[in-house]
1. Taking interchain pairs and intrachain pairs at least six residues apart, which have beta carbon atoms under 6 angstrom, with the first residue in the range 24-42 and of a type outside the set (Val, Ile, Thr) and the second surrounded by 10 or more Cβ atoms within 10 Å (Cβ to Cβ)?
2. Of the residues that make up the range 46-63, is at least one β-branched (Val, Ile, Thr) and not in a helix (DSSP H, G or I)?
Amino acid sequence: MDNETIAARLRDLASNSPGRGKTARLRQLLPDVEAALAAGVPANEIRAALAEYGLHLTHRTFHGTLYRLRKQARSASMPQAQARTTVDPAGESALRPTPQNGTRPSVTGQIKSKEQLRAENPTLPMLQLSKLYAEQFGQPSINAEAIEELKRRFPQHLKA
């Protein structure tokens, strides 16, 4: 048996095997399903069309599987540079995103606005951008002891 014959048989199994799960079959059709949904076709009609060809999905299964496949597609399209994390020098694993250029603004001395950081890191989620923005300010200049001293010196008087 030559390699081309084996490869053709494997491709046929990959697309037409009756033992494939519903998720695998829907994954193969995902671009077409997304196009139909974007065109305004109701999900029930899409499910009916899939059922005509042997892919029977309940409403809940269809939407749950679609959600998972979209999530997988998003995470697969995320650049590897964005997925990098740094480890705290103290040895604690503080998983923080690093900017694309690899330098922390606090080290260079210039503080960037959130808009500038968003322009430099367009694919980072807002939460990570906020953390990156906060990291620019480094360590706080006041510690817990100093806060307690201020509380002692300037007590708050509650109004009755």
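Quick note: the coordinates plus some simple rules give every number you see, no bench work behind them. The structure displayed is predicted, hence computed values, not measured ones. In this analysis, Cβ positions are derived from the backbone assuming ideal geometry, glycine residues included, and neighbour counts consider all displayed protein chains.
1. Taking only residues 6 or more apart or on different chains, the pairs are Arg25/Leu55; Leu26/Thr65; Arg27/Leu69; Leu30/Leu69; Ala36/Ile46.
2. Checked the range 46-63: at least one residue is β-branched (Val, Ile, Thr) and not in a helix (DSSP H, G or I).
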